[in-house]
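Student: Below: one structure in structure tokens.
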Amino acid sequence: AEDSLTMRRRLSALAGLKESDKRKEFNLLRYEAIKDELLLLTVGIGAACTIYCVLVFSLEAGISYAFGVAFSWLYLQLLYRHADNLSKEDVPEVFLKKKVKKIGIRSEDLKDTLEKTLGGSLFVLSSPRLIIPAVIFGLSTFSSHFQNNIFNFELVPGMMGFFAYKAATLVQVYRDNDDLRLILPDDDPDYS
């Protein structure tokens, strides 16, 4: 109820804005809603799969999966922050240059490819969210190194839990894209 009240207030404030500003504000609201829904789907899918792991495999597998889901949630939060703070100045210059279409490979093309590879790699690797899979692996190694009887963090369920955000993304994309719908012959009136 509180979210809908906030949404109504924002929409009523939109009445005084120009059409392009309205579209921009509307798209920002949609973007925020998509982000929130993706987090909710990630947690929901993660919770369901955690219960499945506990029932089918073991308590350790379920807990490891739940840790992976928590890291998945953290990864999404860091990804959102990175995407929201991204500006044109952050993008390496080589990605912004217009490409001249010519036949053949020139030395400038090779230089640009190398710059794109190195600049893009440094751009991507500068994000702390990429440490999360290493932390999951570290937890597994740390847990197996001490061989305690209390808890053994399992790598595979932990990594599968980490990828829960990918399953949530697939659910979101499949639901929102009509071109991906599976139409069976019984459901299609044009099928004879």
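Student: Within the range 54-81, how many residues are open to solvent by less than 80 Å² (accessible area, probe 1.4 Å) and either within 19 Å of Pro133 (Cβ to Cβ) or in contact with a Cys (Cβ under 6 Å, 6 or more places away or on another chain) (or both)? Spell out how you get there, then give the answer.
Tutor: So the first thing to find is which residues in the range 54-81 are open to solvent by less than 80 Å² (accessible area, probe 1.4 Å), and the list is 54, 56, 58, 60-66, 68-72, 74-80.
Okay, now just the ones that are also either within 19 Å of Pro133 (Cβ to Cβ) or in contact with a Cys (Cβ under 6 Å, 6 or more places away or on another chain) (or both), so 61-66, 68-72, 74-80.
Looking only at that region, the number is 18.
Student: Give the range 108-141 a look and list any residue that's open to solvent by 70 Å² or more (accessible area, probe 1.4 Å), in a helix (DSSP H, G or I) and at pLDDT below 70, or say none.
Tutor: Lys116, Leu118, Leu122, Val124, Leu125
Student: Out of everything in the range 142-192 that is among the β-branched types (Val, Ile, Thr) and at pLDDT 90 or above, what residue ends up being farthest from Gly68 (Cα to Cα)?
Tutor: Val171
Student: Further, regarding this structure: Considering every residue within the range 54-62, establish whether at least one is of a type in the set (A, V, I, L, M, F, W, C), within 23 Å of Asn152 (Cβ to Cβ) and not in a helix (DSSP H, G or I).
Tutor: yes
The values are calculated or read from the model by the stated rules, or taken from the named source; none is laboratory data. All figures in this text were calculated on a predicted structure; none of them were measured in a lab. Using ideal geometry, Cβ is built from the backbone for each residue, glycine included, and neighbour counts are taken over all protein chains shown. Ligands, DNA and RNA are stripped out before the accessible areas are found, and what is left, the full protein with its side chains, is counted by its heavy atoms. Shrake-Rupley method; radii C 1.70, N 1.55, O 1.52, S 1.80 Å.
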